[in-house]
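Where a number appears in this text, it was derived from the coordinates with a stated rule and is not lab data. Values in this document were obtained by computation on a predicted structure and should not be read as measured data. We place every Cβ from the backbone using ideal geometry, glycine too, and count neighbours over all the protein chains shown.
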């Protein structure tokens, strides 16, 4: 498998564990949904870094755990930049009594699902998104 999934860190100290397993898991998720991989960048950053992006590109003045930019040029292709606030992931994991890695993986697959066209704007969409997240989280490392 070529390295089309990249991991970057901005403005924080953070080391992502199990990169090869994560790449395989993401690839398997894409294949299960009949998508193919273009180029995918995960950028792990601070709350303040992601807030600036949220303000500049989306005109939102709020903290968030993830912002996804779709760079796909072909139908069924997944290419994009997924920015994840590690600060938010840590706080959310604590709030929901989850392991950090489980919350991080949920947020990562959430971004992938957005790139596949899933939305979470209303109650029904949020329910489906959560179901898909749970489905793919259960398939990690298989």
Simple SL model, points at 7 angstrom along Cα→Cβ for residue 126 and residue 138; separation in nm is 2.2 nm
Relative contact order as a percentage, segment 5-137, C-alpha pairs under 8 Å and 6+ apart, gives 21 percent
Extension length gain for residue 99 and residue 48 (0.36 nm per residue less Cα distance), in nm, is 16.0 nm
So for the chain, using the alpha carbon gyration tensor with a ≥ b ≥ c as root eigenvalues (a/c under 1.5 gives rounded; past that, a/b versus b/c decides prolate or oblate), I'd call it rounded
Note to self: C-alpha centroids of segment 104-137 and segment 60-93 sit apart, in Å, by 12 Å
Honestly segment 36-81 on the Cα gyration tensor test (a ≥ b ≥ c root eigenvalues; a/c under 1.5 rounded, otherwise a/b vs b/c for prolate or oblate) is just prolate
